[in-house]
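The next block holds one structure in the form of structure tokens; read it before the comments.
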Amino acid sequence: MIGVRQLGASDLAGFRALNALFAEVFADPESYAAKPPGDAWLQRLLARDDFVALVAEDDGAVVGGLAAYVLEKFEQERSEIYIYDLAVAEANRRRGIATALIRFLQQVAAARGAWVIYVQADHGDDPAIALYTGLGAREDVLHFDIPVKS
């Protein structure tokens, strides 16, 4: 039975398992596993009101999860939630886990008074595009990474 829960400040093992899942699913150990944050960093992050980490577990093992940021807006007194990362272990796909994570996030968003959740998908990532299309309205936008110069 799959269960979804939000990680709290003391859920360091759950967050480390989530980060390991991201490293595996995204095939990006350099970003997610090479320099893991320390316990104090993670506790501060997980305690923040503007960060949400959810995990989907099957018999205690993390099989899916997402990380999202709550962004307070300036044009109105409202907030949006941006899904930064969402992943499901390959062996557990097509079981409704990603949808369950997003549905749980919708509850979190409603409780926090957010007006929308948004996420981006890469061209060619057809499963993600199909998932998000089934849950919301599609907008075609361009994304730019602007380097920080020291």
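The values are calculated or read from the model by the stated rules, or taken from the named source; none is laboratory data. Please read these numbers as outputs of a predicted model, since none were measured by experiment. Heads up, the Cβs are rebuilt from the backbone with ideal geometry, glycines too, and the neighbour counts pull from every protein chain shown.
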Selection from segment 1-56 of residues that are assigned to a helix (DSSP H, G or I), of a type outside the set (F, W, Y) and within 23 Å of A109 (Cα to Cα): L12, G14, L18, N19, L42, Q43, R44, L45, L46, A47
Breaking point among (1) assigned to a strand (DSSP E or B); (2) out of contact with any helix residue (DSSP H, G or I) (no Cβ under 9 Å at 6 or more places or on another chain); (3) aliphatic (A, V, I, L, M), for A68: (2)
Number of positions in segment 1-50 that are over 18 Å from D85 (Cβ atoms) and among the charged types (D, E, K, R): 3
Pair list, Cβ under 7 Å, 6 or more apart: segment 64-83 residue free of Cβ contacts under 8 Å to residues at least 12 places away in the same chain, other residue of a type in the set (F, W, Y) and buried (at least 19 other Cβ atoms within 10 Å of the Cβ): none
Among residues of segment 48-95, those that are modelled with pLDDT of 95 or more, among the aromatic types (F, W, Y) and loosely packed, with under 13 Cβ neighbours inside 10 Å, counted: 0
Contacts under 6 angstrom Cβ, first residue in segment 94-116 being over 16 Å from L135 (Cβ atoms), partner assigned to a helix (DSSP H, G or I) and at pLDDT 95 or above, 6 or more apart: none
Evaluation of Y132 against (1) in a helix (DSSP H, G or I); (2) among the aromatic types (F, W, Y); (3) in contact (Cβ under 8 Å) with a residue 24 or more places away in the chain (one fails), failing number: (3)
Residue in segment 11-47 that is nearest to the chain's Cα centre (by Cα), counting only those that are modelled with pLDDT of 95 or more and among the polar types (S, T, N, Q): N19
